[in-house]
Structures are given as C-alpha cells and as structure tokens.
Amino acid sequence: MSKQSAIEMRTPTIGTMTVLSVSPLDEDHSSLEAIIGHSKWLLFKARDLISTLALLEREQITVLLCEQNLLTGTWRDVLEHLNAMPQAPSLIVTSKFADDRLWGEALNLGAWDVLAKPFNHIEVILSVKSAWQRWHDQFHMGATAVKVLEAAS
C-alpha cells in the first residue's frame, strides 16, 4: 500500500469534506486538484473574495485553503468574513513565501495552518484532514455534547 492511499484511507467517513481553494493562480488550483482529485473530497475553486463569499453562501465548505495575497485583499479579509459565519470552515493559508512570521500571524489570528508552495502532497493531505477534523469536532461533536447536557438536566 502506498503512503498516499494509506493517508487517504484514514480519512474520517462521517460527513463530506468540502474543500475550497481560493487563489488567483491557476497552478494552485491544479496542484490541489492533482493532490486531492482521487479522493472522495469535493474541491471548489474561487479566484477572488467575491466569488469566495458567493460559494460560502451556497455550499457548506469545511476547509478553505487561501493564497496569502489575492487580487484584491488578502487571506486576512477572507478570515474576517469567516469569523462572522456560524459554521465557518477551517482556514489554511498558502504562500510561496511561508515563513515563521506568516505562520505565527496566521495562527494567532485564527487560521488552522500555513502551507508552503509548491505544495507537498503529504503535507496537504495531513493539513486538510486535521483542519476538517477540527471543523467536524467543533460543530458536530460540540452540538452532540450540548444535547447530552440538555437531556441530563
């Protein structure tokens, strides 16, 4: 069994993983499609903030990968909109210039992770899976715990 299939086979089966790639760069979208295209994950693509917000209204996105710099705005603008959502996806910032400063800033402001480009197949899979697990636990396991507590009282 290859490393790739072993990683993908451990993907949680509860719920659907919906990934949104936000980048003005076609190579970002095609790289992510090549990495996760063989999985059962759904991949959506957006090039700018306006199309990102439209997709977030239509689809329940669980993980959002966002290029550091967009044509208009940055990943921080995307994060600001996510913070206003009741079930916001986990945000992973992507950058060709990922460094400790960006990583620290992104995590301190609420992003889940930072991925360097060009993308490493295993790093993308592991980061997206852990971001999805965080999203799932926060919104689904948390709701279950509240129902149990309400039933017990």
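The values are calculated or read from the model by the stated rules, or taken from the named source; none is laboratory data. A quick note: this is a predicted structure, and the numbers were derived from the prediction, not measured. For neighbour counting, all protein chains shown are included, and Cβ atoms are generated from backbone atoms with ideal geometry for every residue, glycine included.
Descriptive notes on the structure:
- Given (1) surrounded by fewer than 17 Cβ atoms within 10 Å (Cβ to Cβ); (2) hydrophobic (A, V, I, L, M, F, W, C); (3) in a helix (DSSP H, G or I); (4) at pLDDT 90 or above, index of the condition LEU82 fails: (1)
- Test: residue in the stretch 27-40 that is closer than 22 Å to HIS81 by Cα, part of a strand (DSSP E or B) and either modelled with pLDDT of 95 or more or within 13 Å of the chain's Cα centre (by Cα) (or both): no
- Scanning the stretch 44-51 turns up no residue that is in contact (Cβ under 8 Å) with a residue 12 or more places away in the chain, within 19 Å of LYS129 (Cβ to Cβ) and part of a helix (DSSP H, G or I).
Quick grid of which residues meet (1) surrounded by 14 or more Cβ atoms within 10 Å (Cβ to Cβ); (2) under 20 Å from PRO24 (Cα atoms); (3) touching a His at 6+ places or on another chain (Cβ under 8 Å):
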residue: THR72; (1), (2), (3): no, yes, no
residue: GLY104; (1), (2), (3): no, no, no
residue: LEU107; (1), (2), (3): no, no, no
residue: LEU115; (1), (2), (3): yes, yes, no
residue: HIS121; (1), (2), (3): yes, no, no
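- Selection within the stretch 87-102 - surrounded by fewer than 19 Cβ atoms within 10 Å (Cβ to Cβ), within 16 Å of the chain's Cα centre (by Cα) and part of a loop (DSSP other than H, G, I, E, B): GLN87
- Among the residues of this structure, ILE61 does not count as one that is in contact (Cβ under 8 Å) with a residue 24 or more places away in the chain, more than 25 Å from GLY104 (Cα to Cα) and buried (at least 18 other Cβ atoms within 10 Å of the Cβ).
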